[in-house]
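J.: Here it is: the structure, laid out below.
The values are calculated or read from the model by the stated rules, or taken from the named source; none is laboratory data. All values derive from a computational prediction rather than experimental measurement. So basically every Cβ, Gly included, is an ideal-geometry build from the backbone, and we count neighbours across all protein chains shown. Each accessible area value is taken on the protein alone, full model and side chains, heavy atoms only, with ligands, DNA and RNA left out. Shrake-Rupley method; radii C 1.70, N 1.55, O 1.52, S 1.80 Å.
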Amino acid sequence: MKTLLVFGDQLTLENTALEAGTLGADRVVLIEARDDGPAHKIKRVFHLAAMRAFAEELRGHGWDTRQFGIDATPSFREALVAHLECERPDVLVVMEPNNWGRQKLLEEVSKQTGVSLRITPTCQFVTPRADFLNFAKGKKRLLMEAHYRRMRQSLGILMRSDGEPEGGAWNYDAENRKTVRDWKKDGAPKPPRPVTARRPRDKFVETAIADVNKWFPDSPGRAEDFWLPHTREGALEALASFVAERLPLFGDYQDLMLEDSPTMFHSMIAGPLNLGLLLPMECVDAAVRAHTAGQAPLAAVEGFVRQIIGWREFVNGVYWLKMPAYLESNALGATLPLPKFFYTAETSMNCLRCSLGEARDTAFNHHIQRLMILGNFCLLAGIRPQEAHDWFLEMYIDAHEWVMAANVLGMALHADGGFMATKPYAGAAAYISKMSNYCAGCSHDPVKKSGPGACPFNLLYWDFYDRHADRFASNPRTSMMVRSWQKRLPDERAKITAEARVFLDGLE
Ligand code: SF4
């Protein structure tokens with residue numbers, strides 16, 4: 001008899017470990033554990049409810065399924081060892097884990113129990129791990145765009161018969177960056193319904209809420225505010241509603257940040273996708289079909305496709321390429337602790353207050369809030385990358401270590417020294433005020449560069465280039481910033497850096 005282990009982020013009937021088993025002969029095992037690290041309560045409810053619903057789905061398909069419940073399972077390792085020692089299966093079969101630590105754990109448990117381990121290829125990513133390692137071989141720096149074009153070509157997604165990209169360009173970023181002013185000119189469109197509203201609850205959600213409140217009372221957020229689809233059926237509906245209702249305008253406003261409409265036209269499918277409730281190519285195919293049917297413009301569809309087969313696959317590849325050392329990256333030598341207001345949202349900076357409040361209440365921010373508000377603040381302030389990474393991992397419904405390592409440490413914090421980004425994603429208040437309506441409700445002035453009321457992002461931005469002038473003076477994409485800073489009068493520079501220091505000293 002085989003044990004077919006299914007991790008809580010591999011909840012798909014396409015799981016290749018199931019393909020390796022035999023109905024009626026082998027047993028599927030799912031383990032709910034209490035030692036899986038800090039997590040927002042909504043995220044915990046999501047994972048528990050999805051795992052329980054999937055276990056029932058497996059039983060419905062005839063699989064003999066053993067589920068270790070959270071009440072009885074303080075540790076994942078202990079539960080797995082106890083199962084293997086009790087049942088002594090011929091082999092433990094697992095689809096490639098999505099987490100480096102779990103891969104190691106399986107190897108150790110196999111050695112400890114004497115049960116042989118068989119790893120089957122993942123179905124949750126399009127790019128095989130070995131293929132990405134091959135692509136990365138010998139390169140000092142990896143750029144997403146090269147990976148993305150390679151994927152488009154090999155999969156034939158949005159490609160013309162002559163081998164050129166559909167529409168003649170590989171990406172439509174320039175069309176996908178409408179500002180607040182553009183949005184107002186367009187009549188201030190909003191999606192037809194809020195995506196984070198609560199849904200009717202089934203027994204899986206009800207019991208998950210009770211268990212989360214029982215075992216994790218101190219985690220951030222409220223379990224009762226759970227809003228996600230936690231089944232395959234619900235995830236497919238969520239994908240269909242995105243494609244029909246939001247995809248056509250997704251591209252236009254994907255970088256926009258609005259205080260009263262935080263999720264705008266975003267897909268909100270990353271959570272279900274990263275648990276296996278959806279698979280990447282079905283998301284891509286749904287968007288491409290909408291374009292082919294004339295229901296969504298190329299720029300929007302291309303932007304969405306790039307997120308799935310571009311960024312998602314790329315950050316996963318970087319994770320497996322660079323682990324485990326990548327988690328310790330700190331190329332800029334940042335040492336400041338993460339401010340406590342990241343949990344309370346109590347800060348005078350409205351952009352941070354809105355984004356952090358949404359993270360606390362819904363366990364979600366969209367990518368520009370993550371990159372250009374929260375990540376940007378941590379980068380400029382010099383927050384220790386590992387603390388920022390752990391916060392992102394804890395708070396977001398779609399966050400897993402493979403997602404956050406490259407996104408936070410590499411892209412947002414430049415902690416890998418530029419391995420996957422040619423420049424740091426540093427922005428001052430001008431960017432935030434152009435791309436959001438946060439500044440209108442803020443006690444700071446986005447135009448003021450120093451003095452009373454000046455926006456802290458302006459102080460921190462120039463202080464950042466002052467502190468790292470040597471590193472960024474030789475980078476063609478940042479040298480202009482360094483030169484522009486160094487051309488200022490010494491008194492002005494001293495005033496800005498002194499005010500930045502006062503601000504940073506005032507963070508708890
Ligand atoms: Fe953020 Fe500065 Fe705008 Fe306030 S003024 S919302 S702190 S960018």
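J.: Give the residue, chosen from 99, 171, that is under 30 Å from residue 286 (Cβ atoms), in the same structural domain as residue 20 (by TED's automatic domain parsing) and touching a helix residue (DSSP H, G or I) at 6+ places or on another chain (Cβ under 8 Å). Break it down into steps so the answer makes sense when it comes.
T.: Details: 171 fails: in the same structural domain as residue 20 (by TED's automatic domain parsing).
None of the others qualify; the one that does is 99.
J.: Could I ask something else about it? Somewhere in segment 470-490, is a residue closer than 15 Å to residue 380 by Cβ, assigned to a helix (DSSP H, G or I) and near the ligand (Cβ under 10 Å from one of its atoms)?
T.: No, the conditions are met nowhere in segment 470-490.
J.: Report whether or not residue 450 is surrounded by fewer than 19 Cβ atoms within 10 Å (Cβ to Cβ) and within 16 Å of the ligand (Cβ to nearest atom). If you could, list the steps in order and put the result at the bottom.
T.: Working: surrounded by fewer than 19 Cβ atoms within 10 Å (Cβ to Cβ): yes; within 16 Å of the ligand (Cβ to nearest atom): yes.
Yes.
J.: Considering every residue within segment 388-402, establish whether at least one is within 16 Å of the ligand (Cβ to nearest atom), in contact (Cβ under 8 Å) with a residue 40 or more places away in the chain and either under 22 Å from residue 314 (Cα atoms) or assigned by TED's automatic domain parsing to the domain that holds residue 185 (or both). Walk me through it before giving the result.
T.: Filtering segment 388-402 for residues within 16 Å of the ligand (Cβ to nearest atom) gives none.
Looking through segment 388-402, none of the residues is within 16 Å of the ligand (Cβ to nearest atom), in contact (Cβ under 8 Å) with a residue 40 or more places away in the chain and either under 22 Å from residue 314 (Cα atoms) or assigned by TED's automatic domain parsing to the domain that holds residue 185 (or both).
J.: While we're here: For segment 368-415, name all the residues that are buried (at least 23 other Cβ atoms within 10 Å of the Cβ), among the small types (Gly, Ala, Ser) and outside any helix (DSSP H, G or I).
T.: 399, 415
J.: Next question, about the same structure. If we keep just the residues of segment 453-469 that are in a loop (DSSP other than H, G, I, E, B) and of a type outside the set (Gly, Ala, Ser), which is farthest from the ligand (Cβ to nearest atom)? It would help to see each step written out before you state the result.
T.: Just the residues of segment 453-469 that are in a loop (DSSP other than H, G, I, E, B), to begin with: 453, 455, 468.
From the residues that got through so far, the ones that are of a type outside the set (Gly, Ala, Ser) too are 455, 468.
Working: 455: 3, 468: 21 Å.
By that ranking, first place goes to 468.
J.: For residue 196, all conditions in the list (1) part of a loop (DSSP other than H, G, I, E, B); (2) of a type in the set (Val, Ile, Thr); (3) farther than 25 Å from residue 361 by Cβ hold save one; what is the number of the exception?
T.: If we test residue 196 against (1) part of a loop (DSSP other than H, G, I, E, B); (2) of a type in the set (Val, Ile, Thr); (3) farther than 25 Å from residue 361 by Cβ, just (3) comes out false.
J.: Applying the selection to segment 421-447, what residues are within 16 Å of the ligand (Cβ to nearest atom), outside any helix (DSSP H, G or I) and touching a residue at least 24 places away in the same chain (Cβ under 8 Å)? So that I can check it myself, show each step before the final result.
T.: First pass over segment 421-447, keeping only residues within 16 Å of the ligand (Cβ to nearest atom): 425-447.
After this cut, where a residue has to be outside any helix (DSSP H, G or I) as well, the list is 425-428, 436-438, 442-447.
Those that are within 16 Å of the ligand (Cβ to nearest atom), outside any helix (DSSP H, G or I) and touching a residue at least 24 places away in the same chain (Cβ under 8 Å): 425, 426, 427, 428, 436, 437, 438, 442, 443, 444.
J.: I want to confirm something. Restricting to segment 339-363 and keeping residues that are in contact with a Phe, Trp or Tyr (Cβ under 9 Å, 6 or more places away or on another chain) and among the basic types (Lys, Arg), which single residue is nearest to residue 445 (Cα to Cα)?
T.: 353
J.: Here's something else I'd like to know. Kindly indicate the residue of segment 341-367 that is open to solvent by less than 10 Å² (accessible area, probe 1.4 Å) and under 16 Å from the mean Cα position of the chain (by Cα) and also nearest to the ligand (Cβ to nearest atom) among those meeting that condition.
T.: The extreme case among them is 355.
J.: Right, another one. Tell me the residue from 352, 336 that is touching a helix residue (DSSP H, G or I) at 6+ places or on another chain (Cβ under 7 Å), more than 21 Å from residue 268 (Cβ to Cβ), assigned by TED's automatic domain parsing to the domain that holds residue 426 and not hydroxyl-bearing (Ser, Thr, Tyr), please.
T.: Working: 336 fails: assigned by TED's automatic domain parsing to the domain that holds residue 426.
From the options 352, 336, the qualifying one is 352.
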